[in-house]
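Heads up, the thing below is written out as structure tokens.
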Amino acid sequence: MRTLAVDTSTQSGSLAVVESVAGPEGAAGTEPWVRVLGVVSTCTDETYSSRMFRQLDFLLRETGLELGSFDLFSVAAGPGSFTGLRVGLAAVKGWAEVYRKPVAAISGLEVVAAQARAPEPLLVPVVDARRGQVYAGVYRRTDHGLSRVGDEVVMTLAEFLAELPPRVEDRAFAFVTTSPELLAGPLAESPFRHRPLEVVSNVLAPVLGALGLARAQRGELVDAVALDAHYIRRSDAELLWKG
């Protein structure tokens, strides 16, 4: 099974072609073994959604594939840039409808958490939401990947750290982030200064694709009609209109 993974939720968006492969006979685990056939990602002042199609053309040419070659599409459904999410989701929705393929819609925070190697049972992904805020959540390790604990939020880092204790209770956890400069200082001055802080890649598409294939194996996919964004906060246009 092969997927095209699309992340337009961040400034350093990415695309990847990922496929499942047969693991060694008798190998443990329920998640599919995967191989990354190609990845494209750049980080510039230009919004990623404006250069996504140029990079998609390059990726397809280099891998010798066409959009109809994929068994499913995997997409970061949010949280993130409103414009970026709209462009990425609209593209995936259109491809899924034209080629009649299913979609794995996955939170970018889950993709960040899924990269962690920390052994703690709880993972707390935190990424920059700009305007002095962060996107954050709590995920629990299970036999079938990660399970979200409560809602994902957008708020200041201080606000999130203040409300974190009841969400993690007394269980061990690790912070996971793509922006260490955002957390290092505040964490050092907080009650969580002894908790592990793991820095992971901001190129999300390869792991996004792997998670999409795992969801396909579990039958957790949606069609083009059901695909929707996970914004968390209102757009600038809504804020100006509603006051």
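Once the Cα atoms are used to define both axes, helix 205-218 deviates from the longest principal axis of the chain by about 80 degrees. Legend: calculated FRET efficiency, residue 184 to residue 98, from the Cβ-Cβ distance at R0 = 41 Å, rounded to 0.05, equals 0.35.
Within 10 Å of each residue's Cβ, count the other Cβ atoms and sort 106, 232 from fewest upward.
With the fewest neighbours first, 106, 232 line up as 232, 106.
Looking only at region 5-132, where both bridge partners belong to it, what percent of the DSSP beta bridges are antiparallel (to the nearest 5)? So the antiparallel bridges amount to about 60 percent of the total. Of all DSSP bridge pairs formed entirely within the chain, close to 60 percent run antiparallel. With neighbour counts taken as other beta-carbon atoms within 10 Å, the residues 215, 140 rank, fewest first, as 140, 215. Placing +1 on the Cβ of every Lys and Arg and -1 on the Cβ of every Asp and Glu, with nothing else charged, gives the chain a dipole about its Cα centre of roughly 160 debye. Estimated from helices alone, the mean residue ellipticity of the chain at 222 nm is -10000 deg cm²/dmol (sum of -39500 (n - 2.57) over DSSP H runs with n ≥ 4, per residue). Taking GluC sites (Glu not before Pro) as exposed when DSSP calls them loop and at most 13 other C-beta atoms lie within 10 angstrom, the chain has its longest site-free stretch at 67-168. In degrees between 0 and 90, to the nearest 10, how far off the longest principal axis of the chain does helix 48-63 point, with axes built from Cα atoms? Here the helix axis deviates by roughly 50 degrees. Among 99, 87, 126, which residue has its Cα positioned farthest towards the positive end of the charge dipole of region 77-128, with +1 placed on the Cβ of Lys and Arg, -1 on the Cβ of Asp and Glu, and the dipole taken about the Cα centre? Value computed over the given set: 99. One decimal place: the segment residue 199-residue 117 gains 28.5 nm when fully extended, by the rule 0.36 nm per residue minus the C-alpha distance.
FYI, it's all coordinate maths here, none of it is from the lab. The structure presented is a predicted model; accordingly, all values stated were derived computationally and were not measured. Cβ: placed from backbone, ideal geometry, glycine included. Neighbour counts: every protein chain shown.
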